[in-house]
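For reference, the structure discussed in these notes is given below.
The values are calculated or read from the model by the stated rules, or taken from the named source; none is laboratory data. Given the structure is predicted, the values throughout are model-derived calculations rather than measurements. Backbone-built Cβ (ideal geometry, glycine too); neighbour counts: all protein chains shown. When the accessible area is computed, the model is the full protein with side chains, heavy atoms only, and any ligands, DNA or RNA have been set aside. Shrake-Rupley method; radii C 1.70, N 1.55, O 1.52, S 1.80 Å.
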Amino acid sequence: MLVFLVTVASWVVTALFLTVDGDVARAIKGKSQAYQDFSAFETRFASPSKDEVLFVQAQDLGDPATFAALEELVIELQLTDGVLGVMSVFSAPDPDGLALSFLAREDLAALSPADRLDLLSDRSELAAQAIAKDRSATLINVIPDLEMPAGLRLAALNDALDLADPLLTATPVGLVALQRAISSALIADQLFLAPMCILLYLAIAFVIFRSWRAALICCLSPIIGLSWTFGFVALSGIPMDPLLAIVTTVLIVLAIADGVHVYHAIIRAARKQPMRTAIGVGLQETFPAILLASITTAMAFGVLFFVGSPTLHGLAIVGPVGMGLTLIAVAVCVPLASLFLLKRGMGGRDPVGFVAMIRWSISLIK
């Protein structure tokens, strides 16, 4: 009952407090020259990697109606909560110094929007990079108010984009949009990867052991160990990132392997002994090996703590803790499940191909 309650509590904590971070810059954070240069760039230009970049498309931005819609979109963005400023073709400076913005020059007022945009592209190298030659697309850079929560900023930005004229199609691009896409992909991958791994192994274990009880017993420990690990990650405040996501696969693989070892030792001992005695014998035979395997794997994760990257620091903490929690799950769940689901002599058949493999191995030695 205690195991069940802790597992359910882990699910609740994970759902409420687990954070996902798709910031790829964290992977290089530290004392490396690459990160020092990036940090200096961020400091000098007020964290431009946090800016929202919009890719605005239209049939022809030089069309008067479309040009007016673009101008309205820029004004709407400037008035949006969580926006400190907007950089667009309307912000392009006048190289002659006759006006603050090139498109605001009085001597160009008589020209059509198409001619004004073409002239802007010819006169300003910066503007030429922000608008397509055929006037089918342009970029808008939105400078965010970082004191406003990211979720609220994104909601306000989406509301502003929803008000855009149908003549325009505005799509968030850039590093911030990439980070959001990575975060969404991480969540989707975790929700897909872990259950699929468990289900796949469940099917394989059922075929190999020819027993649904065996399959269930061996699959409990990875499910519970992974649940506890995610609960720890959520409580510790360590964000889930692309590197930390590999821990899931490692824990599932090792938990399944350890569970199989313990289960097989138990059923072998149960052929001649009562189940409670067989469980003790099985743990005694296998626990030193799986403990050593867990320790060495935890050490491999732990050395990453000495690398100057917060992403690897998280991996160095979650890896060993996850290994410890998974080991506890194996040591507790496999014996308990065996005690409730198995009887003396039950499940004592060797796995498919086991006898043949042993004979083949012995023949190689001879």
**Message:** Condition check: buried (at least 17 other Cβ atoms within 10 Å of the Cβ) and either modelled with pLDDT of 80 or more or assigned to a helix (DSSP H, G or I) (or both). Does PRO172 satisfy that?
**Reply:** yes
**Message:** Residues to consider are ILE266, ILE224, ILE317; find the one that is among the aliphatic types (A, V, I, L, M), modelled with pLDDT of 85 or more, in a helix (DSSP H, G or I) and in contact with a Cys (Cβ under 7 Å, 6 or more places away or on another chain).
**Reply:** ILE224
**Request:** Confirm whether LEU154 is in contact with a helix residue (DSSP H, G or I) (Cβ under 9 Å, 6 or more places away or on another chain), under 16 Å from ALA177 (Cα atoms) and surrounded by fewer than 16 Cβ atoms within 10 Å (Cβ to Cβ).
**Result:** no
**Message:** For a quick check of your reading of the model, give me the residue pairs whose first member lies in segment 81-92 and is closer than 19 Å to ALA69 by Cβ, whose second is polar (S, T, N, Q) and modelled with pLDDT of 85 or more, with beta-carbon atoms closer than 6 Å and at least 6 apart or on different chains.
**Reply:** VAL86/GLN78; MET87/ASN141; VAL89/THR138
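When you check ALA278 against the structure, is it at pLDDT 85 or above and under 17 Å from LEU327 (Cβ atoms), yes or no?
no
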**Positions within segment 242-256 being buried (at least 24 other Cβ atoms within 10 Å of the Cβ) and either of a type in the set (Lys, Arg) or within 18 Å of the chain's Cα centre (by Cα) (or both), in sequence order** = LEU251
**Message:** Going residue by residue through segment 61-75, is there one that turns out to be modelled with pLDDT of 85 or more, farther than 30 Å from ARG180 by Cα and open to solvent by 70 Å² or more (accessible area, probe 1.4 Å)?
**Reply:** yes
**Prompt:** How many of the residues in segment 188-203 are surrounded by 13 or more Cβ atoms within 10 Å (Cβ to Cβ) and among the hydrophobic types (A, V, I, L, M, F, W, C)?
**Reply:** 5
**Fill in**
Residue hits (segment 257-308; among the hydroxyl-bearing types (Ser, Thr, Tyr) and surrounded by fewer than 17 Cβ atoms within 10 Å (Cβ to Cβ)) are THR277, THR296
**Prompt:** In the set GLY225, GLY237, GLY231, which member is buried (at least 20 other Cβ atoms within 10 Å of the Cβ), out of contact with any Leu (no Cβ under 8 Å at 6 or more places or on another chain) and either within 27 Å of THR296 (Cβ to Cβ) or not hydrophobic (A, V, I, L, M, F, W, C) (or both)?
**Reply:** GLY231
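So, of the residues in segment 204-220 that are touching a Ser or Thr at 6+ places or on another chain (Cβ under 9 Å) and closer than 19 Å to LEU254 by Cα, which turns out to be surrounded by the most Cβ atoms within 10 Å (Cβ to Cβ)? Step through it out loud before you land on a result.
Within segment 204-220, the first condition is being touching a Ser or Thr at 6+ places or on another chain (Cβ under 9 Å), and the residues that meet it are 205, 213, 217.
The next check asks that each one be closer than 19 Å to LEU254 by Cα; those that pass are 205, 217.
Working: ALA205: 23, ILE217: 28.
The qualifying residue surrounded by the most Cβ atoms within 10 Å (Cβ to Cβ) is ILE217.
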**Message:** Tally up the residues in segment 113-150 that are open to solvent by 40 Å² or more (accessible area, probe 1.4 Å) and among the β-branched types (Val, Ile, Thr), please.
**Reply:** 1
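Yes/no matrix, rows are residues, columns are (1) closer than 25 Å to VAL176 by Cβ; (2) of a type in the set (Ser, Thr, Tyr); (3) out of contact with any Cys (no Cβ under 7 Å at 6 or more places or on another chain):
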site	(1), (2), (3)
GLU52	yes, no, yes
LEU79	yes, no, yes
VAL86	yes, no, yes
PHE90	yes, no, yes
ASP96	no, no, yes
ALA99	no, no, yes
LEU108	no, no, yes
PRO113	no, no, yes
SER121	no, yes, yes
**Request:** State the number of residues belonging to segment 80-102 that are exposed (fewer than 15 other Cβ atoms within 10 Å of the Cβ), under 33 Å from the mean Cα position of the chain (by Cα) and part of a loop (DSSP other than H, G, I, E, B).
**Result:** 1
